[in-house]
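What follows draws every value from the coordinates through simple rules; no lab data is involved. Given the structure is predicted, the values throughout are model-derived calculations rather than measurements. Cβ coordinates were reconstructed from backbone atoms using ideal geometry, including for glycine residues, and neighbour counts include every protein chain displayed.
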Amino acid sequence: MGKRILVVDDAAFMRMMIKDILTKNDYEVVGEAADGAQAVEKYSELKPDLVTMDITMPEMDGIAALKAIKGNDPSATIIMCSAMGQQAMVIDAIQAGAKDFIVKPFQADRVIEAIDKALS
Ligand SMILES: [Mg+2]
């Protein structure tokens with residue numbers, strides 16, 4: 001059975017890209033969210049094995065969502081999706097409990113490597 005992943009990004013094509021990489025590598029995308037508030041809700045509903053979390057999103061950003069999810073479930077496994085120039089936010093996220101981060105534009109190898117490692 002593939003591990004269950006929740007994909008969070010405000011850009012639909014980004015979610016599609018990650019979903020494509022994951023499903024080709026035997027992961028199951030059990031849900032998607034387009035902002036942080038939705039991510040928190042979907043996390044408690046779906047209890048996925050891992051979350052890929054975009055940083056810049058409307059309503060609630062990825063850092064706030066990470067903190068909220070970790071507050072509810074300290075064992076949550078979350079990988080941040082960052083863009084160039086977001087190092088400070090990535091450090092903030094890692095300190096708040098994010099397992100790792102992947103940088104856009106995504107390279108399939110790096111995405112899978114980070115997720116395999118985070119789940120091992
Ligand atoms: Mg975004």
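Close Lys pairs in the chain, defined as Cα atoms under 17 Å apart and 8 or more places apart or on different chains, number 16. When the Cα atoms of the stretch 1-58 are aligned to their principal axes, the ranges along those axes come out at 32, 24, 13 Å in descending order. Each label was represented as a point 7 Å from its Cα along the Cα-to-Cβ direction; for Met16 and Leu46 these points are 1.8 nm apart. So, counting K/R as plus one and D/E as minus one, what does the shell of residues with Cβ under 14 Å around Leu119 add up to? Local charge sum for Leu119: -2. Extension gain for Ser75-Ile94 works out to 5.4 nm (0.36 nm per residue, less the C-alpha to C-alpha distance).
Residues considered: Met80, Met53, Met16. Largest GNM mean-square fluctuation over the chain, using C-alpha springs under 10 Å, is found at Met16. In terms of its Cα atoms, the stretch 57-113 spans 31, 23, 19 Å along the principal axes, sorted from long to short. Shown in residue order for the stretch 110-119 are the 3J(HN,Hα) couplings computed by the Karplus curve 6.51 cos²θ - 1.76 cosθ + 1.60 at θ = phi - 60°: 5, 4, 5, 4, 5, 6, 3, 5, 5, 8 Hz (x for Gly and Pro). Summarising the overall dimensions of the chain from its C-alpha atoms, the Rg and Dmax are 12.5, 37 angstrom.
Phi angles of the stretch 50-62 translate, via the Karplus equation with coefficients 6.51, -1.76, 1.60 and θ = phi - 60°, into HN-Hα couplings of 7, 10, 9, 10, 5, 8, 8, 8, x, 6, 10, 7, x Hz per residue; Gly and Pro are given as x.
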